[in-house]
Amino acid sequence: MACQRTLSLICIFSLILTAAQSKTLKRDVKALNEIKASLGWRVVYAWVGDDPCGDGDLPPWSGVTCSTQGDYRVVTELEVYAVSIVGPFPIAVTNLLDLTRLDLHNNKLTGPIPPQIGRLKRLRILNLRWNKLQDVIPAEIGELKRLTHLSLSFNNFKGEIPKEIANLPELRYLYLQENRLTGRIPPELGILPNFRHLDVGNNHLVGTIRELIRFEGSFPVLRNLYLNNNYLTGGVPAQLANLTNLEILYLSHNKMSGTIPLALAHIPKLTYLYLDHNQFSGRIPDAFYKHPFLKEMYIEGNAFRPGVNPIGIHKVLELTDTEFLV
C-alpha cells in the first residue's frame, strides 16, 4: 500500500510539473501579440510579457483564459469588454482555434465581422453587442456548430438575417436587436431543437408571423419572442398557440392587423403580451383576463373596441448580462 501511495504521489507531482512546464502554443502566442500590437487596446497595460497564458512569475493576460492540452497550453476564452477598444474587428482572433468564448461587447469595434470567424469551430459563446460593427452578418457564422449564445445586437449590421444560422443545432439565444437588418426572418430558425430566445426588435424586417412558423413543430422550446419595432404585417395566427413554452410575446410597433385569437390565451406560461401600436381590432377574449400567469398585456395604439383594457403596468423589458449567460 505504501508503495502504491508513493507511486500515486509521484504521478500527481509529475502532472503538476508537466503543467507548470507546458508552453503556450506558438499559434496562440502569435495571435494575441498581433492583437496587442495592432490595436493598442487599453487593456494592454495588464498584458505584461510575451506569453498570454503567463510565464514564470507573470500571470495570464487580463481577460485571457488558457487550458492545458497535452504538452501545450491553449487560449480557450477571450473576454475584453467595456474598455473602449477602437478599430476594426481583429482578424487575428480567428487564429485562436480553441476558443470557446469570445466576448468583446461594449467597445467601439468597427467594420465587418470577417468570414474567417467560421474557423472557430469550438466557440460556444460569441458576444459582440454594443459595438459599431457594420456590413452584413457573415454566413460563415453558420459553421460554428457548437454555438449556444450569439449576440450581435446594438450594432449597424444591414442586409438579411443569414439562414445559415439555422445550421447551429446547439443555439439557444439569438440577439440581433437594434441593427438595420432587412428582409424576412428565416423560418428555418424554427427547426432548431434548443432555441429558447429570439430578439430581432428594432430593425427593418418585414413579413408575417404565419410565414415565420410555417414549418410543422416550429420553435418547440421557444420562451421569448421579440419582434417589436419592425414592419411586420398580417395577423396573429391561432397556430402561434402551438408554441406552448412561450412566456414573452413582444409585437409592439409593427403594422399588424386583425383580431387576437382565443387560442393565444391558452398558452400555458404566457406572462408578457405586448400588442401596442399596431392595427389590431375587435375584442380581447375574456380568457386573457383569467390567465393564471399573464402579468402584463399592453394594447395602446390599436383599434380595439371600447371596453378593452390592458393588464398590469407597462414597463420596458431590458436584457441583463445574467440573462445572456443563462
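The values are calculated or read from the model by the stated rules, or taken from the named source; none is laboratory data. Because the structure is predicted, anything quoted here is derived from the model rather than measured. Quick reminder, even Gly has a Cβ in these numbers, built from the backbone with ideal geometry, and neighbours come from all protein chains shown. Protein only, heavy atoms only, side chains kept; ligands, DNA and RNA dropped before computing areas. Shrake-Rupley method; radii C 1.70, N 1.55, O 1.52, S 1.80 Å.
General observations
- Pair list, Cβ < 9 Å and 6+ apart or interchain, from the stretch 165-183 residues that are open to solvent by 20 Å² or more (accessible area, probe 1.4 Å) to residues that are among the basic types (Lys, Arg) and not in a loop (DSSP other than H, G, I, E, B): Arg180/Lys158; Thr182/Lys158
- Residue satisfying all of: in the stretch 116-129; over 12 Å from the mean Cα position of the chain (by Cα) and not polar (S, T, N, Q); nearest to Val86 (Cα to Cα) among these: Ile117
- Thr65 vs. criteria open to solvent by 50 Å² or more (accessible area, probe 1.4 Å), at pLDDT 95 or above, in a strand (DSSP E or B) and in the same structural domain as Arg119 (by the TED database): yes
- Residue count for the stretch 103-130 under the criterion of being on the phi < 0 side of the Ramachandran plot, open to solvent by 10 Å² or more (accessible area, probe 1.4 Å), in contact with a strand residue (DSSP E or B) (Cβ under 6 Å, 6 or more places away or on another chain) and not hydroxyl-bearing (Ser, Thr, Tyr): the result is 5.
- Residues of the stretch 196-210 satisfying the condition of being open to solvent by 10 Å² or more (accessible area, probe 1.4 Å), in contact with a Phe, Trp or Tyr (Cβ under 6 Å, 6 or more places away or on another chain) and within 18 Å of Gly234 (Cα to Cα): Val206
- Filter result for Lys145 (under 26 Å from Arg180 (Cα atoms) and of a type in the set (D, E, K, R)): yes
- Residue check, Asn224 open to solvent by 10 Å² or more (accessible area, probe 1.4 Å), touching a residue at least 12 places away in the same chain (Cβ under 8 Å), in the same structural domain as Thr76 (by the TED database) and not charged (D, E, K, R): no
- Scan the stretch 266-283 for residues that are open to solvent by less than 10 Å² (accessible area, probe 1.4 Å) and either within 19 Å of Gly234 (Cα to Cα) or of a type in the set (S, T, N, Q) (or both) and the total you get is 5.
- Residue among Ala82, Ala31 that alone is farther than 22 Å from Ile165 by Cα, surrounded by fewer than 18 Cβ atoms within 10 Å (Cβ to Cβ) and small (Gly, Ala, Ser): Ala82
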